[in-house]
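Here is the structure we will look at, set down as structure tokens.
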Amino acid sequence: MGFPKGFLWGGATAANQYEGGYISGGKGLAVADTITGGDGIHGIQRKIYLELADGTKTSVGNREEVPAGAKAYVDPDVYYPSHVATDFYHHWKEDIALFAEMGMNVYRLSINWTRIFPHGDDEVPNEEGLQFYEDVFKECHKYNIEPLVTIYHFDCPLYLANEYDGWVSRHTVDAFEKYCRTIFTRYKGLVKYWLTINEININTNFMMNGVHEHISNKQNAEQCRWHLFVGSALAVTIGHEIDPNNFIGLMIAHGATYPYSCNPEDVMCEIETAHTQKWFYGDVLCRGYYPAYKVKELEREGIVIHKEPGDDELLKKGVVDFYSFSYYSSATYAAHPEQIKQVEGNQVRGLQNPYLKASEWGWTVDPVGLRVNLNQIYDRYQLPMMIVENGLGAIDKVEEDGSINDDYRIDYMREHILQMKKAIEIDGVDLIGYTPWGHIDVVSAGTGEMRKRYGFIYVDKDDDGNGDLSRSRKKSFFYMQKVYKSNGEDLD
Ligand code: BG6
């Protein structure tokens, strides 16, 4: 009963939200380094400053479209949260010791492509960048923490975005292939758990993938998707070839989706939304080909994807070893949504669920939805699963004595872990690991804020970059320590 022996308990971060050192040690710029802070509670988007093809300067919101030919740049007078982030680059030893103290036996982190290849497609890799991650992985092993490495987490090299339109171009896939070969070779024996592309299902815009015109030009969006799938399949194939012990998974933003009512039209609406939002990506990466509903959609839209010879075979060969996903919330979907209140979520919007409450950022809190997901995914693919992101973004108050009493976060964690336990004990799903998001405070991806904190470890930094970056343990740190050290038995 309960969590299996050897269950992976951990935490998760991404380089561009945590590392800082944005041009240290030979690192080049990623698109993420050109995105300002925003304000999620008041709906103010992060911004990207651009130089247009005719030389004029402008800016767009991070969810908006970047015009063809525009180049993003770093404005010296603007504050960019990724540049220092919460400074893992200079605190990694101290932080990994804290992770070990919390009882983690796995740590999900991403490699910043531009730390290895500053432009994305350089002739030779940057040795200082390679060494940095090697040191980090060795430090993890010192504490018996297994690294779980995301190869690509929202950090398209700026050069590839500006000059090649990011993942729309085959050049980016070729550069990615070389990057994969380099890291799989260098970290052989140090890393065995890998994720190919973070949240591959919400990845067609400029911020994530350097794609200009991702809204007005559906061809671009579909070509980018195809290239991401090819990139993921290449990563799996190369990873297995270099070391058959590598265990390589996909990563999907997998919120729970429900019909708003039992009206059959709402049910159908949810099926279509779920296909588009999430199943399409799992279907391709777990089965190795486009599902019928996508083939029909492309036919209807008159979109023909440009493929290279051998791509279809590669997709089949490069299917993943396991399914990993992020889970924060659920949403409902209706055929006639006009009168129903919209809710926010992890990059996607849906409709309010009258049975559930939401976080300060409007993300619906739904622990049972996690069990629903685990069941649905396991029913569909029968693959081992990891939950590689989950948690509550909230504003924390530091008391006079320095303590942070985040009981709201403890409640969130307890309820979600309970549902995981039920899914294992009652439903028999094959869940092998859990790495809550931002177990140490990091910059928010969606809003660029610091005050939207997920951590069990607090980092002293605010939205304007003030703070001494010191670390402290929140109340939730001790709760998670208890959970981890009891292998999920002690949840009180
Ligand atoms: C996922 C990402 O979208 O959710 C993370 O993989 C991100 O990078 C996390 O930080 C939480 O979202 P946000 O917008 O609250 O940071």
Of (1) buried (at least 21 other Cβ atoms within 10 Å of the Cβ); (2) more than 21 Å from T150 (Cβ to Cβ), L52 satisfies all except one. Which? (1)
Every residue in the range 318-348 that is away from the ligand (no atom under 16 Å from the Cβ) and under 24 Å from the mean Cα position of the chain (by Cα), please. G318, V319, V320, D321, F322, T332, Y333, Q342
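Return yes when K71 is more than 27 Å from F132 (Cα to Cα), of a type outside the set (S, T, Y), without any contact (Cβ under 8 Å) to a residue 24 or more places away in the chain and touching an Asp or Glu at 6+ places or on another chain (Cβ under 9 Å) and no when it is not. Don't jump to the end; show me each part of the working.
On the way: more than 27 Å from F132 (Cα to Cα): yes; of a type outside the set (S, T, Y): yes; without any contact (Cβ under 8 Å) to a residue 24 or more places away in the chain: no; touching an Asp or Glu at 6+ places or on another chain (Cβ under 9 Å): yes.
No: the conditions fail for K71.
Please determine whether any residue of the range 251-270 is small (G, A, S), touching a strand residue (DSSP E or B) at 6+ places or on another chain (Cβ under 9 Å) and surrounded by fewer than 19 Cβ atoms within 10 Å (Cβ to Cβ). It would help to see each step written out before you state the result.
Quick first cut of the range 251-270, residues small (G, A, S) only: 253, 255-256, 261.
Add one more test, that the residue is touching a strand residue (DSSP E or B) at 6+ places or on another chain (Cβ under 9 Å), and what stays is 253, 255-256, 261.
So of that shortlist, the ones also surrounded by fewer than 19 Cβ atoms within 10 Å (Cβ to Cβ) come out as 261.
The answer is yes, given that some residue of the range 251-270 is small (G, A, S), touching a strand residue (DSSP E or B) at 6+ places or on another chain (Cβ under 9 Å) and surrounded by fewer than 19 Cβ atoms within 10 Å (Cβ to Cβ).
So how many residues does the range 446-457 have that are more than 15 Å from R409 (Cα to Cα), small (G, A, S) and more than 7 Å from the ligand (Cβ to nearest atom)?
So in the range 446-457, the residues more than 15 Å from R409 (Cα to Cα) come out as 446-450.
Next, only the ones that are small (G, A, S) stay: 446, 448.
Still in the list and also more than 7 Å from the ligand (Cβ to nearest atom): 448.
Looking only at that region, the number is 1.
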Quick test for you: out of L356, L431, L351, L383, pick the one residue that is over 19 Å from A12 (Cα atoms) and touching a Pro at 6+ places or on another chain (Cβ under 9 Å). L351
Yes or no: the range 214-228 includes at least one residue that is in a loop (DSSP other than H, G, I, E, B), aromatic (F, W, Y) and more than 16 Å from the ligand (Cβ to nearest atom). no
Take the conditions farther than 27 Å from G61 by Cβ and within 11 Å of the ligand (Cβ to nearest atom) and apply them to V443. Does it pass? no
So, in the range 349-380, exactly how many residues are more than 16 Å from the ligand (Cβ to nearest atom), farther than 18 Å from H416 by Cβ and either surrounded by fewer than 17 Cβ atoms within 10 Å (Cβ to Cβ) or under 21 Å from the mean Cα position of the chain (by Cα) (or both)? 4
With the condition kept exactly as written, say whether any residue in the range 66-83 is within 17 Å of A235 (Cβ to Cβ), modelled with pLDDT of 95 or more and in a loop (DSSP other than H, G, I, E, B). no
Of the residues in the range 394-427, those that are under 13 Å from F478 (Cα atoms) and either touching a strand residue (DSSP E or B) at 6+ places or on another chain (Cβ under 6 Å) or surrounded by 19 or more Cβ atoms within 10 Å (Cβ to Cβ) (or both) come to I404, D406, R409, I410, M413
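For I417, state whether it is under 28 Å from H254 (Cβ atoms) and without any contact (Cβ under 8 Å) to a residue 24 or more places away in the chain. Write out each step before concluding.
Details: under 28 Å from H254 (Cβ atoms): yes; without any contact (Cβ under 8 Å) to a residue 24 or more places away in the chain: no.
In short, no.
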Just to be sure I understand the filter: pairs with C-beta atoms under 7 Å, separated by 6 or more residues or on different chains, first member in the range 237-258 and under 17 Å from L383 (Cα atoms) and basic (K, R), second member within 16 Å of the ligand (Cβ to nearest atom) and not in a helix (DSSP H, G or I). Which pairs pass? none
Might you check whether a residue that is touching a residue at least 24 places away in the same chain (Cβ under 8 Å), part of a loop (DSSP other than H, G, I, E, B), over 21 Å from the mean Cα position of the chain (by Cα) and on the phi > 0 side of the Ramachandran plot occurs anywhere in the range 101-111? yes
Hey, can you tell me all the residues within the range 88-114 that are surrounded by fewer than 19 Cβ atoms within 10 Å (Cβ to Cβ) and among the charged types (D, E, K, R)? K93, E94, E101
Please work out which residue is nearest to the ligand (Cβ to nearest atom), limiting yourself to the range 458-492 and to residues that are touching a strand residue (DSSP E or B) at 6+ places or on another chain (Cβ under 8 Å), touching a residue at least 40 places away in the same chain (Cβ under 8 Å) and on the phi > 0 side of the Ramachandran plot. L469
Quick one: would you say T257 is within 11 Å of Y333 (Cα to Cα), at pLDDT 95 or above, among the β-branched types (V, I, T) and within 23 Å of the chain's Cα centre (by Cα)? yes
So L250, is it at pLDDT 95 or above, at negative phi and in a helix (DSSP H, G or I): no
Go through the residues of the range 34-53 one by one and say whether even a single one is closer than 26 Å to L469 by Cα, assigned to a helix (DSSP H, G or I), within 15 Å of the ligand (Cβ to nearest atom) and among the hydroxyl-bearing types (S, T, Y). no
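Every residue in the range 413-466 that is in a loop (DSSP other than H, G, I, E, B) and of a type in the set (V, I, T), please. Break it down stepwise before answering.
Here is the first cut: in the range 413-466, the residues in a loop (DSSP other than H, G, I, E, B) are 426-430, 435-436, 438-439, 441-452, 454-456, 460-466.
Answer for the range 413-466, where residues must be in a loop (DSSP other than H, G, I, E, B) and of a type in the set (V, I, T): I426, V429, T435, V442, V443, T447.
The values are calculated or read from the model by the stated rules, or taken from the named source; none is laboratory data. Note that the structure is predicted; figures quoted are calculated from it, not measured. Counting neighbours? That spans all protein chains shown, and the Cβs are built from the backbone with ideal geometry, glycine included.
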